[in-house]
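Undergrad: The following block contains the structure, expressed as structure tokens.
The values are calculated or read from the model by the stated rules, or taken from the named source; none is laboratory data. Because the structure is predicted, anything quoted here is derived from the model rather than measured. Cβ atoms come from the backbone with ideal geometry, glycine included; neighbour counts cover every protein chain shown. Side chains included, ligands, DNA and RNA excluded: accessible areas come from the protein's heavy atoms. Shrake-Rupley method; radii C 1.70, N 1.55, O 1.52, S 1.80 Å.
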Amino acid sequence: MIPPVLPTYNRAKLHFVKGEGSWLIEEDGRRFLDLGSGIAVNALGHAHPALVKALTEQANALWHVSNLYEIPQQEKLASQLVAASFADTVFFTNSGTEACELAVKMARKYHYERGQPERIEILTFEGCFHGRSSAAIAASGAEKMVKGFGPVLPGFRQLPWGDPEALKAAVGETTAAILIEPVQGEGGIRVLPDQCLKGLRALCDEHGILLILDEVQCGMGRTGRLFAHEWAGVTPDIVMSAKGIGGGFPLGAVLATQSAASGMVAGTHGSTYGGNPLACAVGSAVMDHLAAPDFLAEVNRKAGLLRQKLEGLVADHPETFEAVRGQGLMLGLKCLRPAADVVKAGYEALVILVPAGDNVARLLPPLTITDAEIAEAIARIDAAARSLEPS
Ligand SMILES: *Cc1c(COP(=O)(O)O)cnc(C)c1O
């Protein structure tokens, strides 16, 4: 019989009842070191006092009013994001998928308003993940996501990862935008080299098309900069955000330049919950921390420490791990046995890893993880790897 909850997930038999910083407490009392952060969501760890305070204060004042009215919490968070990034303007959504929807609409509207309505095609890349809506699955093109769901939405074209010639050949008169993750998350922590991102920017400029970056997973401090594209010194036209931006409260955003957003006038887009006072109050508190002077420097220092220790772990377990990859605190262990087995062994060793494509076990710890917790994480992954290896 079908369970009351639609069974679309492969859930681990774990039932967490409480979170504290980098720790998740199971119903039976076991304490798990959380290197998943709810898939890069709990950027400041679990139950961060400043987020709890922001949420409860707002909850006591006002939950929801609708975008028919002014929402000062939205204006505050948008101003924080604009001040800290390339963007001139922000639209708030509830999720990454919805950010993808708007990014696509915005890019097409941009060309439409400039007298080029034929520019509708969005170029995407093999291994990408942009969400689960009809547009987002069409953007991915992966068979497991589109098969059986009827006609795939037209206007998307997938290209191989790391093939600049194929890309150049694909850009034409109907191209509207290039959509790419600076670091692929679900695809297996694949970092787009800075040179490639620069090349994409140049190609977009040459053809008058827009560069949309999906920073839903790699943004909001995850790689050690507020947005991953900052490492390459590239200015995008549109950036999708979600996951870490709400620190665990559902929130997403589309950030854009004035030019890219110019077609989105009143009535062209909307959302009932998007930018709700609760979400924006929490998002503002997250931004207060990320924008604090030393926060990202600390993320980078800890990322260096974790990476160095992981390299040692790979050297110690040549039968289990092939390599470490990623950037900042968005890291992947490329596995030589099924990554799912490594993740499972992690559960036994009380450490949470997240499986990804390309046989990678992901590490996406809270950005607030401590040095002592990093040492403990390594000890636990070491134990997990040993449990899989013949003694
Ligand atoms: C998770 C994710 C999405 C989708 O976000 P949802 O909030 O689940 O809709 C889109 N893009 C990337 C890169 C993601 O990691």
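Undergrad: Collect the residues in the range 222-255 that are within 15 Å of the ligand (Cβ to nearest atom) and either in a loop (DSSP other than H, G, I, E, B) or touching a Cys at 6+ places or on another chain (Cβ under 7 Å) (or both), keeping them in residue-number order.
TA: So the first thing to find is which residues in the range 222-255 are within 15 Å of the ligand (Cβ to nearest atom), and the list is 222-223, 227-229, 236, 238-255.
Within the range 222-255, 222, 223, 227, 228, 236, 240, 242, 248, 250, 251 qualify.
Rundown of residues vs (1) modelled with pLDDT under 95; (2) within 16 Å of residue 189 (Cβ to Cβ); (3) assigned to a strand (DSSP E or B), yes/no style:
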site: 319; (1), (2), (3): no, no, no
site: 326; (1), (2), (3): no, yes, yes
site: 343; (1), (2), (3): no, yes, no
site: 347; (1), (2), (3): no, no, no
site: 362; (1), (2), (3): no, yes, yes
site: 365; (1), (2), (3): no, yes, no
site: 382; (1), (2), (3): no, no, no
site: 385; (1), (2), (3): no, no, no
site: 391; (1), (2), (3): yes, no, no
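Undergrad: Additional query: So, in the range 117-127, exactly how many residues are of a type outside the set (Gly, Ala, Ser), more than 12 Å from residue 157 (Cβ to Cβ) and in contact (Cβ under 8 Å) with a residue 24 or more places away in the chain?
TA: Pass one, the range 117-127, residues of a type outside the set (Gly, Ala, Ser): 117-126.
Now restrict to residues that are more than 12 Å from residue 157 (Cβ to Cβ): 117-119.
Then keep just the ones that are in contact (Cβ under 8 Å) with a residue 24 or more places away in the chain; that gives 118-119.
Matching residues across the range 117-127 total 2.
Undergrad: Next question, about the same structure. Let me spell it out: the conditions are (1) part of a loop (DSSP other than H, G, I, E, B); (2) within 22 Å of residue 102 (Cα to Cα), and residue 283 meets all of them except one. Which number is the exception?
TA: (1) is the only condition that residue 283 fails.
Undergrad: Any idea how many residues of the range 1-36 are within 17 Å of residue 340 (Cα to Cα) and open to solvent by 60 Å² or more (accessible area, probe 1.4 Å)?
TA: Filtering the range 1-36 for residues within 17 Å of residue 340 (Cα to Cα) gives 9-14, 34-36.
Next cut, open to solvent by 60 Å² or more (accessible area, probe 1.4 Å) only: 9-11, 13.
Counting residues in the range 1-36 that are within 17 Å of residue 340 (Cα to Cα) and open to solvent by 60 Å² or more (accessible area, probe 1.4 Å) gives 4.
Undergrad: Could you check the range 109-141 and list, in sequence order, the residues that are among the basic types (Lys, Arg) and touching a strand residue (DSSP E or B) at 6+ places or on another chain (Cβ under 6 Å)? Quick ask: steps written out before the conclusion?
TA: Initially, the range 109-141 is screened for residues among the basic types (Lys, Arg), giving 109, 114, 119, 132.
Residue satisfying the conditions is 119 alone.
Undergrad: Quick check: is even one residue across the range 169-186 open to solvent by less than 50 Å² (accessible area, probe 1.4 Å), of a type in the set (S, T, N, Q) and either within 27 Å of residue 343 (Cβ to Cβ) or in the same structural domain as residue 210 (by TED's automatic domain parsing) (or both)? Show your work before the answer.
TA: Step one: of the range 169-186, the residues open to solvent by less than 50 Å² (accessible area, probe 1.4 Å) are 170-172, 175-185.
Keeping just the survivors that are of a type in the set (S, T, N, Q) gives 175, 184.
With either within 27 Å of residue 343 (Cβ to Cβ) or in the same structural domain as residue 210 (by TED's automatic domain parsing) (or both) added as a condition, the list becomes 175, 184.
Yes, the range 169-186 contains at least one residue that is open to solvent by less than 50 Å² (accessible area, probe 1.4 Å), of a type in the set (S, T, N, Q) and either within 27 Å of residue 343 (Cβ to Cβ) or in the same structural domain as residue 210 (by TED's automatic domain parsing) (or both).
Undergrad: Go through (1) modelled with pLDDT of 95 or more; (2) within 25 Å of residue 359 (Cβ to Cβ) and name the single condition residue 144 misses.
TA: In the conditions (1) modelled with pLDDT of 95 or more; (2) within 25 Å of residue 359 (Cβ to Cβ), residue 144 misses (1) alone.
Undergrad: For the range 156-207, what are the residues that are in a helix (DSSP H, G or I) and polar (S, T, N, Q)? So that I can check it myself, show each step before the final result.
TA: Residues of the range 156-207 that are in a helix (DSSP H, G or I), as a first pass: 164-170, 194-207.
Across the range 156-207, the qualifying residue is only 195.
Undergrad: If you check every pair at least six apart or on different chains, which have Cβ atoms under 7 Å apart with a residue in the range 94-110 that is open to solvent by 40 Å² or more (accessible area, probe 1.4 Å) first and a residue that is within 16 Å of the ligand (Cβ to nearest atom) and not small (Gly, Ala, Ser) second?
TA: Filtered contacts from the range 94-110: 94/250; 94/251; 94/273.
Undergrad: Give me a count of the residues in the range 111-138 that are open to solvent by 20 Å² or more (accessible area, probe 1.4 Å) and at negative phi. Break it down stepwise before answering.
TA: Initial filter on the range 111-138 (open to solvent by 20 Å² or more (accessible area, probe 1.4 Å)): 112-121, 126-127, 129, 132-134, 137.
Right, trim to at negative phi and you get 112-114, 116-121, 126, 129, 132-134, 137.
Residues in the range 111-138 being open to solvent by 20 Å² or more (accessible area, probe 1.4 Å) and at negative phi: 15 in total.
Undergrad: So, in the range 55-75, how many residues would count as being surrounded by 13 or more Cβ atoms within 10 Å (Cβ to Cβ) and either within 15 Å of residue 290 (Cα to Cα) or without any contact (Cβ under 8 Å) to a residue 12 or more places away in the chain (or both)? Break it down into steps so the answer makes sense when it comes.
TA: Here is the first cut: in the range 55-75, the ones surrounded by 13 or more Cβ atoms within 10 Å (Cβ to Cβ) are 55, 58, 62, 67, 71, 73-75.
Within this subset, residues satisfying the condition of being either within 15 Å of residue 290 (Cα to Cα) or without any contact (Cβ under 8 Å) to a residue 12 or more places away in the chain (or both) are 75.
The number of residues fulfilling the criteria is 1.
Undergrad: Is it the case that some residue within the range 94-101 is within 10 Å of the ligand (Cβ to nearest atom) and aliphatic (A, V, I, L, M)? Walk me through how you get there before you give the answer.
TA: So in the range 94-101, the residues within 10 Å of the ligand (Cβ to nearest atom) come out as 94-101.
Those still in the list that are aliphatic (A, V, I, L, M) too: 99.
Checked against the condition, which is being within 10 Å of the ligand (Cβ to nearest atom) and aliphatic (A, V, I, L, M), the range 94-101 yields at least one hit.
Undergrad: Please find, among 229, 269, 289, the residue that is more than 23 Å from residue 363 (Cα to Cα) and touching a helix residue (DSSP H, G or I) at 6+ places or on another chain (Cβ under 8 Å). Walk me through how you get there before you give the answer.
TA: Working: 229 fails: more than 23 Å from residue 363 (Cα to Cα); 289 fails: more than 23 Å from residue 363 (Cα to Cα).
Going through 229, 269, 289 in turn, the sole match is 269.
Undergrad: Of everything in the range 235-268, what is surrounded by fewer than 24 Cβ atoms within 10 Å (Cβ to Cβ), touching a residue at least 40 places away in the same chain (Cβ under 8 Å) and not hydroxyl-bearing (Ser, Thr, Tyr)? Give them in sequence order. Talk me through it step by step, then tell me what you get.
TA: Going through the range 235-268, the residues surrounded by fewer than 24 Cβ atoms within 10 Å (Cβ to Cβ) turn out to be 235, 248-250, 257-259, 261-268.
Imposing the further condition that a residue be touching a residue at least 40 places away in the same chain (Cβ under 8 Å) reduces the set to 235, 248-250, 257-259, 261-264, 268.
Those that are surrounded by fewer than 24 Cβ atoms within 10 Å (Cβ to Cβ), touching a residue at least 40 places away in the same chain (Cβ under 8 Å) and not hydroxyl-bearing (Ser, Thr, Tyr): 248, 249, 250, 258, 261, 263, 264.
Undergrad: On to the next question. Tell me, yes or no, whether the range 358-367 has at least one residue that is open to solvent by 20 Å² or more (accessible area, probe 1.4 Å), without any contact (Cβ under 8 Å) to a residue 24 or more places away in the chain and in the same structural domain as residue 20 (by TED's automatic domain parsing). Steps first, answer last, please.
TA: Looking only at the range 358-367, we keep the residues that are open to solvent by 20 Å² or more (accessible area, probe 1.4 Å), and these are 358-359.
Restricting the remaining residues to those that are without any contact (Cβ under 8 Å) to a residue 24 or more places away in the chain gives none.
No, the conditions are met nowhere in the range 358-367.
Undergrad: If the requirement is being over 27 Å from residue 347 (Cβ atoms) and within 20 Å of the chain's Cα centre (by Cα), which of these qualifies: 87, 50? Don't jump to the end; show me each part of the working.
TA: Numbers: 50 fails: within 20 Å of the chain's Cα centre (by Cα).
Checking each option against the conditions leaves just 87.
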